[in-house]
Amino acid sequence: MTMPFYVAPEQVMKDRADFARKGIARGRALAAASYDEGIVIVAENTSSTLRKVSEIYDRIAFAGVGRYNEFDQLRVAGVRAADLKGYAYSRDDVDARTLANQYAQILGQIFTHEMKPLEVEILVVEVGGEPADDQLFHILYDGTVGDEDGFAALGGEAEIIGQRLADGWHPGLTLAQALRAAAAALAGSDRTLGPGELEVAILARHDGRRAFRRIEGAELVELLGGGSEQGDEAGEAAGQGGDEGDGGNRD
Amino acid sequence: MPMPLFHPADDPGPSFAALARRQGLDPFPPLAAGTGQLPITHGTTCVAVRYAHGVVMAGDRRATSGNLISHRTMEKVFPADRHSGVAIAGAAGPALEMVKLFQLQLEHYEKVEGQLLSLEGKANQLAQMVRSNLPAALQGLVVIPIFGGWDQRRQTGRIFQYDVTGGRYEDRDFTATGSGSLHAGTVLKLQYREDLSREEAIDACVRALFEAADEDSATGGPDPVRGIYPILATITDTGFERVDDDETAERFRALVERLRGTEPTGGIEP
């Protein structure tokens, strides 16, 4: 008969948190920002098929960083929860806050009860009628929910990126300005991110029922380019960062 | 309502109906036993015509309950998604529910899978819904839709009709459904030719609905007094678009103008 070793709960939680943070830090980061006509979500992502940013419902989008299969499962659960709720009650009753709480429940539950916590950080955003009504919920691997104001950064270097974004962002930016501020915050001072390395989507404030739209191709090049000095090099920015993942792709 | 998370082996996939059933929200619940007939509101004549650049779909606005008109402003032509539309005839309650579920299913698939269903796939989804409604149909709650859309892979408009068992039949040129469909179908048949323009296809639908309303009491004609006109929509490469009410009114006015004095009176003094 083997005796179970005693490990202090503090130690268990700390180990799990370290594990999750390391996993998340190996992937690439993501930023979102409110602008005059909506919310833009910008992810560093070279894949055009494995998405980090997606539509959840009419005015709600989802973004995740960390382990792809894990946040994708959460994304699908969110779509299902939203569609079921809209079907059972009304489309107007579906909101980001409820979804964020549900995500927090799931992440918190897995963090405390499972061997392995999810190595993800997610963002649930809802665009409002006015910029002041925009909602950005940032949810961590352990179920911590944060309500961000105006902009948010996710990923291993979220703090530094958030700091850079805070310097470049202010209320009332246009889409191009907000997009460039987010891309610059993700890139940092020693590199630039071109259209090929960015996945960009918006929630448009006044664009019919389904506010979610991807910005790709020529439109993205133009918005990134738009006459600023940082945009001029955007086209040929150096592709960075080989994947050093240990099985399971992180994007 | 908890967030639905499933074990990978147990996942309902992109089907919204399957998901709803799993969560106890069956969109097609079994009916109560019994043979008592309920007074049912029925929706009526719908047509679709393929033309050079897409599809025109049209439906009258009348719903009847026995010999009474229960609604004058029913909508029977709906966008299913950006590039397809659905028109319905039959019992109004289940028909509207089916449209809602169909729209939801296409959107749900698109979001879960991250890409659009093919037009053929959409047509098959609707066939499954009609089939699921068969028990209700046997009790008199029949729903017969028309599905039309722009096939982005083949770059052409396509139309499908259904039967009550969920049989799905693609029509090359035009189709009609509902109590006035016999008349509407014949009118379309006489007017149809290859390479109709948008305006000609709209005029063909307008004429078909006008004649169906003339012969079938359950099909509503244009109502200039209240300003109620049949709903017409085009589906092309650029998507589903409702024909403006003013344009529809003008088409009907022009038709009446053309018919004035030439319409057979059946021996009655005009």
**OP:** Return the long-range amide H neighbours of B:Tyr51 (sequence gap of 5 or more, or a different chain), with a cut-off of under 5 Å between placed amide H atoms.
**Re:** B:Val56
Subject >> Residue-averaged beta-carbon neighbours from other chains (10 angstrom radius) around A:72-85 >> reply: 6
Original post:
Looking at region B:124-157, which trypsin sites (Lys or Arg not before Pro) are DSSP coil and have at most 14 other C-beta atoms within 10 Å of their C-beta?
Top reply: B:Arg153, B:Arg154
Subject >> Interface residues, region B:110-138 - accessible area loss of 50 Å² or more versus chain alone, probe 1.4 Å >> reply: B:Lys111, B:Val112
Subject >> Karplus 3J(HN,Hα) series, Hz, for region B:133-144 with 6.51 cos²θ - 1.76 cosθ + 1.60 (x for Gly, Pro) >> reply: 8, 4, x, 5, 4, 5, 9, x, 8, 7, 10, 10
Subject >> Of all accessible heavy-atom area on region A:1-123, the percent that carbon and sulfur account for (1.4 Å) >> reply: 56
**OP:** Go ahead and collect, in residue order, the members of region B:218-248 whose backbone nitrogen is under 15 Å from a label point 7 Å along the Cα-Cβ direction of B:Arg72.
**Re:** B:219-230
Original post:
Most fluctuating residue of A:Ala158, A:Ala61, A:Ala132 in a GNM of chain A with Cα springs under 10 Å: which is it?
Top reply: A:Ala132
Original post:
So which residue, out of B:Ala87, B:Ala127, B:Ala18, gets the largest mean-square fluctuation from a GNM of chain B using Cα contacts under 10 Å as springs?
Top reply: B:Ala18
**OP:** Provide A:Glu119, B:Glu110, A:Glu10 ordered by accessible surface of protein heavy atoms (probe 1.4 Å), highest first.
**Re:** A:Glu10, B:Glu110, A:Glu119
Subject >> Rounded to whole Hz, the Karplus (6.51, -1.76, 1.60) HN-Hα couplings of region A:99-105, x for glycine and proline >> reply: 4, 4, 5, 5, 4, 4, 4
Original post:
Once the other residues with Cβ under 13 Å from the Cβ of B:Pro2 are scored (Lys, Arg +1; Asp, Glu -1), what is the net sum?
Top reply: +3
Original post:
How do B:Lys122, A:Lys85, B:Lys189, B:Lys100 rank by accessible surface area computed with a 1.4 Å probe, from largest to smallest?
Top reply: B:Lys189, B:Lys100, A:Lys85, B:Lys122
Original post:
In whole percent, what relative contact order does region B:163-270 give with Cα contacts below 8 Å and a gap of six or more residues?
Top reply: 18
**OP:** Give me the net charge of B:Phe174's neighbourhood, meaning all other residues with Cβ under 11 Å from the Cβ of B:Phe174; Lys, Arg count +1, Asp, Glu -1.
**Re:** +2
**OP:** Over chain B, give the accessible area per residue in Å² for a 1.4 Å probe, as an integer.
**Re:** 48
**OP:** Could you order A:Lys116, B:Lys76 so the one with the most accessible surface comes first? Probe is 1.4 Å.
**Re:** A:Lys116, B:Lys76
Original post:
If you plug each phi of region B:249-256 into the Karplus form 6.51 cos²θ - 1.76 cosθ + 1.60 with θ = phi - 60°, what whole-Hz ³J(HN,Hα) values come out, in order, with x for Gly and Pro?
Top reply: 4, 5, 5, 5, 4, 5, 5, 4
Subject >> Euclidean distance between Cα centres, region B:148-223 to region A:105-155, Å >> reply: 50
**OP:** Provide the solvent-accessible area of B:Glu250, counting protein heavy atoms only and rolling a 1.4 Å probe, rounded to the nearest 10 Å².
**Re:** 80
Original post:
Quick one: buried accessible area between A and B, total over both chains, 1.4 angstrom probe, nearest 100 Å²?
Top reply: 2100
**OP:** Would you tell me the accessible area of B:Arg168, worked out with a 1.4 angstrom probe on the heavy atoms of the protein chains, in Å² to the nearest 10?
**Re:** 70
Original post:
Cross-link partners among lysines for B:Lys76, C-alpha distance below 30 Å, same-chain residues fewer than 8 apart left out?
Top reply: A:Lys85, B:Lys100, B:Lys111, B:Lys122, B:Lys189
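The values are calculated or read from the model by the stated rules, or taken from the named source; none is laboratory data. Everything numeric in this text was worked out from a predicted model, so none of it was measured. Here the Cβ is made from the backbone with ideal geometry for all residues, glycine too, and neighbour counts use every protein chain on show. Surface accessibility is based on the protein's heavy atoms, side chains included, excluding ligands, DNA and RNA. Shrake-Rupley method; radii C 1.70, N 1.55, O 1.52, S 1.80 Å.
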